[in-house]
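**Q** For reference, the structure I am asking about is given below.
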Amino acid sequence: EVNEAYVGQSGYSREELLHMRISDLEAKESPQEVQAHQGKIKRTGHDRFETEHRRKDGTVWPADVEATYWPGLDLVYVFIMDATERKRAERQAAEHRQELEALQKSQIAAHTAAAFAHELNQPLGAISSYTEAALMMLGGASPDLARLRGTIEKSRDQALRAGNPIRSLLELLNTGSGTAQPLDLNHEIRDALRLARTDLDLDFHTRLTLERGLSRVRANRIHLQKVLLNLFHNAVEAMRDAHVPQPEVIITVRTSRDGNVAQVTIRDHGPGIDPRDAGHLFETFFTTKAKGIGMGLAISRSLIEANGGQLWCDPGQAPGATFHLTLPFEK
Ligand code: ADP
């Protein structure tokens, strides 16, 4: 038997359909596969799958199928739902995701270019002025060699100065590749703490509160490590600059209050955030440090958002600075 909806969808008449086999309509599985599939449904009693059916005019449509075998009647009862709309929505979501990724990449590229320009403009300007001055001295009747040497040395210092922020910027931007994977957040925190001590050479105490049995999150491991290291680095630097005697970073990992995401809180005993700065922390180039670049938090936020999470500063937790980040659980 076949209902009117399938008749309308297939383009065949009811009479035609009643003389056809499933394999005449099936567009994805071969006749042998259809036979094997039917055998399996008879054995297990039930199956749910995606496939494609062919209309009388040859066009193909995606179908969500649910088949149940009734042994008493030796009948297979099949629900077939047109999956065109679902497929279209899925495709649109994937395209949207790709567009967002492309946008994010171009934003990072634009940020990088702007950061390089920002970091290079000042020393390049100085190098050009010092060189100009040295040339003028050389053009004089009897150049003062000591002054000339001093000017050239200043030019060299500027060139060296330009190299440092560029190196740290590259380090920061080198987020590597890798894809999102299921991660044990407790383990990742411990690993990032170890790296902060070995690779960044940071000296600090930690107070860790981890949630036992926390569900796994889904994130790009390299991105997460980058963000955690940056937050630890900022915290330790703030405490060091404020001469805090026993620098300590307090880290809490837990399921968020609404239960939807995992949340990491990172607190320090430093001077905290000036309320006037609070709104600007995540802007590119915002820095209060003499040698800061002001890209760390901006990049960290975009990395966490690219992984479906959020990163923010909690001004209500003074003294000290408090940052929270969230990541979605593995589905
Ligand atoms: P940078 O470290 O190069 O300045 P960031 O984007 O990492 O760039 O940080 C921006 C600014 O945010 C810092 O200059 C500082 O003023 C503030 N900040 C970040 N973390 C802390 C912290 N733990 N304590 C106090 N201030 C902080």
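The values are calculated or read from the model by the stated rules, or taken from the named source; none is laboratory data. Owing to the predicted nature of the structure, the values given are computational and were not obtained by experimental measurement. Backbone-built Cβ (ideal geometry, glycine too); neighbour counts: all protein chains shown. Just so you know, the surface numbers come from the protein's heavy atoms only, side chains and all, with ligands and any DNA or RNA stripped out. Shrake-Rupley method; radii C 1.70, N 1.55, O 1.52, S 1.80 Å.
**Q** Which is more than 39 Å from the chain's Cα centre (by Cα) and surrounded by 13 or more Cβ atoms within 10 Å (Cβ to Cβ), of Ala83, Ala67, Ala126?
**A** Ala67
**Q** For Thr255, indicate whether it is within 8 Å of the ligand (Cβ to nearest atom) and either of a type in the set (Ser, Thr, Tyr) or open to solvent by 70 Å² or more (accessible area, probe 1.4 Å) (or both). Can you show your working first?
**A** Working: within 8 Å of the ligand (Cβ to nearest atom): no; either of a type in the set (Ser, Thr, Tyr) or open to solvent by 70 Å² or more (accessible area, probe 1.4 Å) (or both): yes.
Here the answer is no, as Thr255 does not meet what is asked.
**Q** Of the numbered conditions (1) within 21 Å of Pro182 (Cβ to Cβ); (2) surrounded by fewer than 19 Cβ atoms within 10 Å (Cβ to Cβ); (3) within 16 Å of the ligand (Cβ to nearest atom), Val244 satisfies every one except a single condition; which is it?
**A** (1)
**Q** Another question, if that's okay. I'd like the full set of residues that are among the charged types (D, E, K, R) and assigned to a helix (DSSP H, G or I), limited to region 214-227.
**A** Listed by number, the residues that qualify are Arg221, Lys226.
**Q** Which helices (runs of 4 or more DSSP H) sit wholly inside region 1-61 and have at least 3 residues that are under 43 Å from the mean Cα position of the chain (by Cα)?
**A** 31-44
**Q** Related question: Is it the case, given these coordinates, that Val236 is touching a Phe, Trp or Tyr at 6+ places or on another chain (Cβ under 9 Å), more than 13 Å from the ligand (Cβ to nearest atom) and under 18 Å from Thr206 (Cα atoms)? If you could, list the steps in order and put the result at the bottom.
**A** On the way: touching a Phe, Trp or Tyr at 6+ places or on another chain (Cβ under 9 Å): yes; more than 13 Å from the ligand (Cβ to nearest atom): no; under 18 Å from Thr206 (Cα atoms): yes.
So Val236 does not fit the description; no.
**Q** Could you check how many residues of region 317-331 are assigned to a helix (DSSP H, G or I) and away from the ligand (no atom under 15 Å from the Cβ)?
**A** Total satisfying the criteria: 0.
**Q** Regarding His111, is this residue open to solvent by 60 Å² or more (accessible area, probe 1.4 Å) and touching a Ser or Thr at 6+ places or on another chain (Cβ under 8 Å)?
**A** So His111 fits the description; yes.
**Q** OK, next. Can you tell me which of (1) free of Cβ contacts under 8 Å to residues at least 12 places away in the same chain; (2) open to solvent by less than 60 Å² (accessible area, probe 1.4 Å) is the one Glu15 doesn't meet?
**A** (2)
**Q** Give the residue that is surrounded by the fewest Cβ atoms within 10 Å (Cβ to Cβ), with candidates limited to residues of region 142-168 that are within 51 Å of the chain's Cα centre (by Cα) and of a type in the set (A, V, I, L, M, F, W, C).
**A** For region 142-168, the residue satisfying everything is Leu160.
**Q** Sticking with this structure for a sec: When the residues of region 188-213 are filtered to those that are part of a helix (DSSP H, G or I) and farther than 28 Å from Gly259 by Cα, which remaining residue is nearest to the ligand (Cβ to nearest atom)?
**A** Once the filter is applied, the top-ranked residue is Ala196.
**Q** Condition first: surrounded by fewer than 14 Cβ atoms within 10 Å (Cβ to Cβ), modelled with pLDDT of 90 or more and within 15 Å of the ligand (Cβ to nearest atom). Can you find one or more residues in region 259-274 that meet it?
**A** Within region 259-274, one or more residues are surrounded by fewer than 14 Cβ atoms within 10 Å (Cβ to Cβ), modelled with pLDDT of 90 or more and within 15 Å of the ligand (Cβ to nearest atom).
**Q** For region 219-242, indicate whether the set of residues that are modelled with pLDDT under 95 and on the phi > 0 side of the Ramachandran plot is non-empty.
**A** Scanning region 219-242 turns up no residue that is modelled with pLDDT under 95 and on the phi > 0 side of the Ramachandran plot.
**Q** Limited to region 214-228, what total is found for residues that are within 11 Å of the ligand (Cβ to nearest atom) and more than 18 Å from Val261 (Cα to Cα)?
**A** 0
**Q** Right, another one. Could you give every pair whose Cβ atoms fall below 7 Å, whose first residue belongs to region 277-293 and is among the charged types (D, E, K, R), and whose second residue is part of a loop (DSSP other than H, G, I, E, B) and within 6 Å of the ligand (Cβ to nearest atom), counting only separations of at least 6 or pairs across chains?
**A** Asp277/Thr288
**Q** Separate question: Please count how many residues of region 275-297 are more than 6 Å from the ligand (Cβ to nearest atom) and part of a helix (DSSP H, G or I).
**A** Count: 3.
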